[in-house]
């Protein structure tokens, strides 16, 4: 029996390592089917856990070019409104929320100037946050495109919002998916002049096009999150008592049993990217007391639990 268990553990670790290496190396073995990180999450996907995720929303990153005052705040509010309208069992935590932690309001940046996904993963687990949505407005500008055929071709100038949205998983710190989305719209000469000055309000289709694109981006986020199961995290271990960073708000109740995996381990890709490799299944826990955003539990069958372990709904 022991040799069978060891073999199963070895196979689990090998599968997790292979899937994560696909993500880090940028290989296309999964292309056309699913994102590698989403493939990992599907191994644990539950049709209906009845549990509610907590998802962070970072402040929208502004473009490097000039944009009129108040525009980014308006976009932030519109984007959050569209996300909350989605039919996803989630509590959305934006930068304006009273309980929004600082790591969401001001995400950590690496020395190279990139988003610090490792710092995000570590902090998000303490807060019971399963994922983070990061939206950037890369450009608000005049875009030129060709129209017509052969010698009848001509160039047409139009307005453009160029967006990028990415969703990060808190267990692995990996980018689940990323989408570049351009929204172009018709603009006359006056509109083009205002666009070059970073003005939106004076442009006839300005805010209307921006808010239409934010609706599409929210639906894109919903599609990315569709394969993300609820996860909880062990933040404290004291004798036989465990503390989770999720509670009644997430739908946890006394007596509920959850699957337990060992802590994720830090892994470095060939280009220096760092991610966490998911742990392996080690047993189950049972909730003994519940608070709004915290709960206590005990391990079942003598399982040894470490701080940083992950729990999931049992299928």
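Tabulated data for the structure shown
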{"read-out": "Global geometry of the stretch 53-225, whether rounded, prolate or oblate, following the gyration tensor of its Cα atoms and the 1.5 cut on a/c", "value": "prolate"}
{"read-out": "Value of Rg to Rh for the stretch 230-272 (Rh from inverse mean 1/r over Cα pairs, i.e. Kirkwood)", "value": "1.11"}
{"read-out": "Cα centroid of the stretch 48-116 to Cα centroid of the stretch 252-295, whole Å", "value": "24"}
{"read-out": "Rounded if a/c under 1.5, otherwise prolate or oblate - the stretch 204-275, Cα gyration tensor axes", "value": "oblate"}
{"read-out": "Whole-Å semi-axes of the stretch 144-241's equivalent ellipsoid (Cα gyration tensor)", "value": "44, 17, 10"}
{"read-out": "FRET efficiency, residue 201 to residue 253 (Cβ-Cβ, R0 51 Å, nearest 0.05)", "value": "0.55"}
{"read-out": "Stretchable slack from residue 73 to residue 156, in nm (0.36 nm times residue separation minus alpha-carbon distance)", "value": "26.8 nm"}
{"read-out": "Estimated distance in nm for a label pair at residue 65 and residue 109, the labels positioned 7 Å out from Cα along Cα-to-Cβ", "value": "2.1"}
{"read-out": "Residue 190 paired with residue 144, simple spin-label distance in nm, labels 7 Å along Cα-to-beta-carbon", "value": "2.5"}
{"read-out": "Order of 230, 127, 92 under a 10 Å beta carbon neighbour criterion, fewest first", "value": "92, 127, 230"}
{"read-out": "Proxy reagent accessibility, fewest Cβ within 10 Å first, across 175, 126", "value": "126, 175"}
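Values quoted throughout were computed directly from the atomic coordinates according to the rules given, and no laboratory measurement underlies them. Keep in mind that this is a model prediction, so the values were computed, not measured. Don't worry about glycine lacking a Cβ; one is built from the backbone with ideal geometry, like all the others, and counts go over all protein chains shown.
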